[in-house]
Amino acid sequence: MIETLINIVLFAMLVLTALAVVRINQLFAVVMLSGVFSLLSALLFVTLDAVDVAFTEAAVGAGISTVLMLGTIALTARTQKKSTRSGMVPFIVVVVTGAVLVYGTLDMPGFGDPNAPASLHVAPEYMIGSIKDIDVPNVVTSILASYRGYDTLGETAVVFTAGIGVLALLSGLTRRRREDEEEDV
Amino acid sequence: MHHHLILRVVTKMLVGAIILFAFYVQFHGDFSPGGGFQAGVIMAVAFILYGIVFGLNKAEQVFPSWLVHKLVALGVLIYAGTGVASMLLGYNYLDYGAFNPQHPSHGQHWGILAVELGVGVTVTGVMVAIYYAFANRPPPMKDEDW
Amino acid sequence: MSAADPHYVAKTFMDHLPILQVVIPLISAPLIIFIGNRKLAWIIAMIASAAAFVIACLMLAQVKDGSFISYHIGGWAPPLGIEYRIDALSAFVLMLISGIATIVLPYAYTSVKSEIPKRLHTLFYALFLLCLTGLLGMVATGDAFNVFVFLEISSLSTYVLVAMGAGKDTRALTAAYDYLIMGTIGATFFVIGLGLLYMTTGTLNIADLADRIANQGANRTVQAAFTFIVVGMGLKAAMYPLHHWLPNAYTYAPSAVTTFLGATATKAAIYVLLRFMFSVFSPGFHFEDWTLYLIFIPFSLLAMFAASFVAVFQTNLKRMLAFSSIAQIGYMLLGIAMLNATGLSASIVHLVNHGMTKAALFMGVGAMVLYSGSAFFDNLNGLGRKMPFTGAAMVAAGLSLIGVPGTAGFISKWVLVQAAFENGWWIIAIAIMLSSLLAVIYVWRMFEVLYLTAPAEDCTATDPPLPMLIPMLILAFACIWFGFDTELTLGSARVAAEGLLAGSAGMAH
Amino acid sequence: MIYLDFIIGHLNYWLFIVLMMTGLYIVVARGNLVKKIVGLNIFQTAVFMLYISIGKVTGGTAPIYPVDNQGHMQVDPSIIYSNPLPHVLILTAIVVGIATTSLALALIIRIREVYDTIEEEDILEIERKLSAADNKTHGPAMGGRA
């Protein structure tokens, strides 16, 4: 019961934050609210038993991405111009997308249903396998690094891509000074 | 921020603690939440904090950008290299059982340790590199003018 | 095969082909950055993509009879672990992607020097390899979520590669930003679709998904998943009317990037669409037939006409070719919507034929831009006469784009028309021919500019250096060669199409 | 009362959809480039919530086995654990999300340096002028940005 109550309060705050982001024109406030949104969702992830995800969301969403966004608005602009465009087309796009999703929920297994296909197929094998094959208590770690380790390699490659992408856009690759001297820029 | 004495003292104390915590998260991921990615972010935060308080030049003296760029690549090489190693031992790509055929679960431990290290190294490198790249950009106007 | 298996047999090089296909470029990219040497960067990239091409050819030879190779990454059998699964279709597309990469790199060596500042060259080749890795990974994998991860590797590197055109025209930056927003929305839609599928099946392995969806019946969650996956991948594939990112991205990207993307990126997205539409959702999935007939056919017809029509009224050759790409994607989707083996083989063979054709054309434009500074028609006047070999290559490729008999482009359109007749859709067959007429007009405009106008008097243009010219000529030659010898292209496409139509049965364990 | 059960079991999903659509609305309707990215983040985070809720099992707990003092895992069959697979997928997706965000922000910084604005309308205006100039020198063409 308490859990439901916490969930409802969290949801209310999440929706309010998101709506505030729509309305507010001060980019500083928008960025801060986006950090708040991440923290709130981290809390929600904890109530949904996803502690690893909560940890990451807090570190990334509320930490790194807020810092980067603050850095960006310091380098660009701090207010948003009032939009003069009519909101009809985006509104229709959003309503249609949402309607398709709601239609999709109609045949979904209920929330927390222990007999949902996702809980019956594959997942139990990970729970057993983590003890038997890998001997690691944190099942998330054993899936992340071993069963689906290749996804994580891809993820590392994505981070790497973003890193060198930012270098390509903003600064270029730096090399050790003495090598630089032979380099003709 | 040269005149903020308290900030500087507190930062000096904090940076060490943050780095220690990053190592904890890195190597304790098997037992509790966390792993290479989170550790990398936390490690990077230590350097970013140092850079914000003591200035970019100081940070680049501690952690020069050529080294950062090498680390960015090194992490992926460690991860992908772990897979190549298992392949050379006659197993499938990223099959950590290869590292200890008698006790596959021990092999798994070694493999997980290696790849998490790879993730941590790359993420630290990338986050610091991005911070350097952003901080090196000239702002359109000074902070005082806002 | 589990990791705990004590009687493990050491594997040979040939057993590892599927993973090497993707991992070789994946490792080479950080290696380039780690070494940090500009000259070595190109050499490493060249070796890596050539190796990938050889591997793709070896695999196609293995699976051309309709069989498939399955590789269990990490030694975990699917659906627990991630599986690489190569069948005729994936091997064929892998060969196209790695082949184009191999042929673009020598060309890039010269073209990049003139278009991108020197300090970015090392990064360029690393990003190029990452883009290649992502595209290959999307095609090789047999795991639905793994598709997303590799899709993002290729997308992120593509955004930066497009933005690298900013040295010549700053609009490359906004083109890259637009592409990033659209691409990320597309990828997120794809992820939503996967989430819905996972919810109803509990698995992410494509073959396993197919088995479990087959006994779902009319499930509304699965229908929503289908919609999101098609829209998400449609954005990536520049499916009309989700194509808005494409013209600017292709126009302002550096020539080598446009060539590579134009020939491969949208093709990989179409491959994923095919994979999901036929291997995951079987063609018997009633909702899918309905979508194909009512949505795909009108929109692909619209793409064929509207985009071709816009292409006719362009004054920038690169941009004209970009619009023509949107129209050609219409042909591929039309072939899919025919839902018969002939239509599918037309789509698949057009994927490859159009890839080669467009690569040759974009290369030609890039070579001319080297001298003229821009791809606007009035700057290209008479360049075909000044640059005879480049001009010849572009003529051959241009004819293939129209679909003149004796060229690769003819084969794909011919098979497509046949497929339309098989279904008794003669109106659509006529539409295909009519839209080809529009192609005649815009390609004719290109010929007119290149040959029938007088070059500027002080024009010093000559054919580009050999590393640029030879790839172009090879591709142009391929456009003609595959117009006569259809054994490799159409043969593989037919095997692939039959494998797809067998649906989940073709993918079963 | 079957309807009430259905509503309680699906209410979460609908709330996620509301959040998702708010995020998507910001992306498509707002012209400020930074705000679009914030919207994209909200959109993606809401999708993550949807995934994580797939893994939730009523009465379950985080999928980490307790460890005793000697480091041995305590496996108690009476404890229900939530499904860890969606957590893993979302960890990957979060990382992909921050990678995309940082790249987008870097692009925005470059765009500001060139166009001196980060409002889509202003940029479109500048680009319209650029294409008008192109059309004047090179002849009229159809379909500007689209």
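Here B:MET43 passes the criteria (1) of a type outside the set (Phe, Trp, Tyr); (2) within 14 Å of chain C (Cβ to nearest Cβ); (3) crowded, with 20+ Cβ neighbours inside 10 Å except the one numbered (2). For region A:62-83, residues that are more than 7 Å from chain D (Cβ to nearest Cβ) and either under 20 Å from D:SER53 (Cβ atoms) or assigned to a helix (DSSP H, G or I) (or both) total 7. Looking at B:GLY75, B:GLY81, just one residue is within 14 Å of chain C (Cβ to nearest Cβ), surrounded by fewer than 19 Cβ atoms within 10 Å (Cβ to Cβ) and within 30 Å of C:LEU20 (Cβ to Cβ), and that residue is B:GLY81.
For the residues C:THR221, C:THR251, C:THR259, C:THR266, the requirement of being touching an Asp or Glu at 6+ places or on another chain (Cβ under 9 Å) and more than 14 Å from chain A (Cβ to nearest Cβ) singles out C:THR251. Among the residues here, B:GLN38 qualifies as free of Cβ contacts under 8 Å to residues at least 40 places away in the same chain and either crowded, with 20+ Cβ neighbours inside 10 Å or within 25 Å of A:GLU155 (Cα to Cα) (or both). Given the condition away from chain C (no Cβ under 12 Å), crowded, with 24+ Cβ neighbours inside 10 Å and within 12 Å of the chain's Cα centre (by Cα), answer yes or no: does some residue in region B:103-119 qualify? Yes, region B:103-119 has at least one match.
Hey, any hits in region C:410-423 for a residue that's in a loop (DSSP other than H, G, I, E, B), at pLDDT below 90 and either out of contact with any helix residue (DSSP H, G or I) (no Cβ under 8 Å at 6 or more places or on another chain) or of a type in the set (A, V, I, L, M) (or both)? No; the residues of region C:410-423 include none that is in a loop (DSSP other than H, G, I, E, B), at pLDDT below 90 and either out of contact with any helix residue (DSSP H, G or I) (no Cβ under 8 Å at 6 or more places or on another chain) or of a type in the set (A, V, I, L, M) (or both). Sub-7 Å Cβ pairs linking a first residue in region A:139-166 that is facing another protein chain (nearest Cβ under 7 Å) to a second residue that is charged (D, E, K, R), at least 6 apart or interchain, are A:VAL140/A:ASP52; A:THR141/B:ASP30; A:ALA145/B:GLU116; A:VAL158/C:GLU152, ordered by first then second residue.
Okay, residues lined up against (1) in a helix (DSSP H, G or I); (2) surrounded by fewer than 24 Cβ atoms within 10 Å (Cβ to Cβ); (3) in contact with a Ser or Thr (Cβ under 6 Å, 6 or more places away or on another chain):
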residue: C:TYR177; (1), (2), (3): yes, no, no
residue: C:VAL191; (1), (2), (3): yes, no, no
residue: C:LEU197; (1), (2), (3): yes, no, no
residue: C:ARG212; (1), (2), (3): yes, yes, yes
residue: C:GLN216; (1), (2), (3): no, yes, no
residue: C:MET239; (1), (2), (3): no, no, no
residue: C:PRO247; (1), (2), (3): yes, no, no
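You will find that of C:ALA454, C:ALA461, the residue that is of a type in the set (A, V, I, L, M, F, W, C), exposed (fewer than 15 other Cβ atoms within 10 Å of the Cβ) and part of a loop (DSSP other than H, G, I, E, B) is C:ALA454 and no other. Among the numbered conditions (1) outside any helix (DSSP H, G or I); (2) touching a residue at least 12 places away in the same chain (Cβ under 8 Å), the only one that C:ALA56 does not meet is (1). Looking across region B:71-94, the residues that are within 25 Å of the chain's Cα centre (by Cα) and farther than 15 Å from A:ASP151 by Cβ come down to B:LEU71, B:VAL72, B:ALA73, B:LEU74, B:GLY75, B:LEU77, B:ILE78, B:GLY81, B:VAL84, B:ALA85, B:SER86.
Could you look through region B:34-70, keep only residues that are of a type in the set (Gly, Ala, Ser) and under 27 Å from A:THR141 (Cα atoms), and pick out the one that is nearest to the chain's Cα centre (by Cα)? The selected residue is B:GLY40. In this structure, is D:GLY60 touching a Ser or Thr at 6+ places or on another chain (Cβ under 6 Å), buried (at least 18 other Cβ atoms within 10 Å of the Cβ) and either more than 7 Å from chain A (Cβ to nearest Cβ) or more than 19 Å from A:ILE143 (Cα to Cα) (or both)? Answer is no for this residue. Inspection of region C:254-262 identifies at least one residue that is of a type in the set (Phe, Trp, Tyr) and more than 19 Å from C:MET277 (Cβ to Cβ). When C:LEU361, C:LEU339, C:LEU334, C:LEU383 are screened for being over 23 Å from C:PRO465 (Cα atoms) and crowded, with 24+ Cβ neighbours inside 10 Å, only C:LEU334 passes.
Against the test of being hydroxyl-bearing (Ser, Thr, Tyr) and closer than 24 Å to D:GLY60 by Cβ, the options A:THR4, A:THR79, A:THR66, A:THR72 yield a single qualifying residue, A:THR4. Among the residues of region A:32-53, those identified as touching a helix residue (DSSP H, G or I) at 6+ places or on another chain (Cβ under 6 Å), at the interface with another protein chain (Cβ under 7 Å from one of its Cβ atoms) and assigned to a helix (DSSP H, G or I) are A:SER34, A:PHE37, A:SER38, A:SER41, A:LEU44, A:PHE45, A:ASP52, A:VAL53.
Taking the conditions (1) within 12 Å of chain C (Cβ to nearest Cβ); (2) crowded, with 21+ Cβ neighbours inside 10 Å; (3) part of a helix (DSSP H, G or I); (4) of a type in the set (A, V, I, L, M, F, W, C) in turn, B:PHE134 satisfies each one other than (1).
Within region D:14-35, the residues that satisfy the criterion of being buried (at least 22 other Cβ atoms within 10 Å of the Cβ) and touching a residue at least 40 places away in the same chain (Cβ under 8 Å) are D:ASN32, D:LEU33, D:VAL34. When region A:2-24 is limited to residues that are among the polar types (S, T, N, Q) and at pLDDT below 90, the one that is surrounded by the most Cβ atoms within 10 Å (Cβ to Cβ) turns out to be A:ASN7.
Conditions (1) over 30 Å from A:LYS82 (Cα atoms); (2) more than 7 Å from every other protein chain (Cβ to nearest Cβ); (3) assigned to a helix (DSSP H, G or I), marked per residue:
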residue: D:VAL75; (1), (2), (3): yes, no, no
residue: D:LEU91; (1), (2), (3): yes, no, yes
residue: D:VAL96; (1), (2), (3): yes, no, yes
residue: D:ARG110; (1), (2), (3): no, no, yes
residue: D:GLU113; (1), (2), (3): no, yes, yes
residue: D:SER131; (1), (2), (3): no, yes, yes
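The values are calculated or read from the model by the stated rules, or taken from the named source; none is laboratory data. None of these values were measured; they are calculated from a predicted model. Heads up, the Cβs are rebuilt from the backbone with ideal geometry, glycines too, and the neighbour counts pull from every protein chain shown.
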